[in-house]
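The block underneath contains the structure these notes are about, expressed in structure tokens.
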């Protein structure tokens, strides 16, 4: 990551005009001999000064910084437990080499004076290291949105490289939700579909009941999922757990904390691994990679913007939630501790959320 910090410093200096002092330059101009002509500070006929020995500008690689964090977590999880499930949400753009990355690579190769490098892989090539560190992806808005998030060709490509696909759809009506589930099953996709229009705070009548009586020990055996995105829908942790246990979905995805601060115990997680019918299911935890919240257990009331330095600013429209510099060592260490703690609790896997945080940062640096 040192190159990222250095790149940001260079970019800031260039944008600010650092290193250019016109008054000093003029004050140090040497006298011109009679009959000589000076243009742009140099006498005509005089040899050009050597080019400054400055390193080339390196464009910050926000995309690979996010990939690196996900790969580190995935590789750690699979080394510790080969059956542990690692999914990425909001991260489809990380899976393949982008057109932007291909352009930057071409620009770099054009300036390379060393031995002939190997032919670069084209845009659209899957990032093998990232793919190998994951078990699947979570796609929002695949079946009940005006346009599906992933095209049929992309869905087929994900299946071809061995990634499981889970989807989340808020369909507005029970009929639309039922149709989404049926369509997902024909495409070998594990789907969450409800009749609401916004993320679910907890189980309720808008959630379609799971109908698979079989036990589930892997994503390949799952037919449906329940994503619960709130953690305060009930008056106590115990009531919240009762509502969660009273479901039959093959995959249950939850926050590992009730009301952001009270963690589930290993016994709580173990109890959730059984459907209401008593058969086995998978229970996954949610972990955000690129946002922090002042309601979370790790929050220090003395923190403020840029102190710690990874706390960069508020998230618009979400009071108490903050954008983080996810490449910073201290933030990555905090994420690593949370990830490790979730594994200790006995979750079957973790859904890594907020993986698209690189996109707004890339958009601020235009590449021709």
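Observations
- Radius of gyration, Dmax [the stretch 283-342; alpha carbons; angstrom]: 11.4, 35
- Rounded to 5, the percent of DSSP beta bridges in the stretch 220-368 classed as antiparallel: 45
- Estimated FRET transfer efficiency when R0 is 25 angstrom, pair residue 111-residue 359 (beta carbons, to 0.05): 0.40
- Rg ratio (alpha-carbon, reference 2.2 N^0.38 Å) - the stretch 112-171: 1.56
- Computed over the stretch 251-368, the ratio Rg/Rh where both radii use C-alpha atoms and Rh is Kirkwood: 1.04
- For the stretch 236-291, the spread of Cα positions along each principal axis, largest first, Å: 36, 23, 17
- Calculated FRET value between residue 262 and residue 303, using beta carbons and R₀ = 22 Å, to 0.05: 0.60
- Fully extending the segment from residue 321 to residue 160, taken as 0.36 nm per residue of separation minus the present Cα-Cα distance, adds 54.2 nm.
- Listed peptides 295-302, 244-251, 165-172, 261-268 by packing density, highest first (mean Cβ within 10 Å): 165-172, 244-251, 261-268, 295-302
- Alpha-carbon centroids, the stretch 190-262 and the stretch 106-146: separation in whole Å: 33
- Here the stretch 161-259 carries DSSP beta bridges of which approximately 10% are antiparallel, counting only pairs with both residues inside.
- The mean sequence distance of close C-alpha pairs (under 8 Å, at least 6 residues apart), as a share of the length of the stretch 263-331, puts its relative contact order at 23 percent.
Values in this text are rule-based calculations from the coordinates and carry no lab data. As the structure is a computational prediction, the values presented were derived from the model and not from experiment. All Cβ positions, glycine included, derive from the backbone under ideal geometry; neighbour counts span all protein chains shown.
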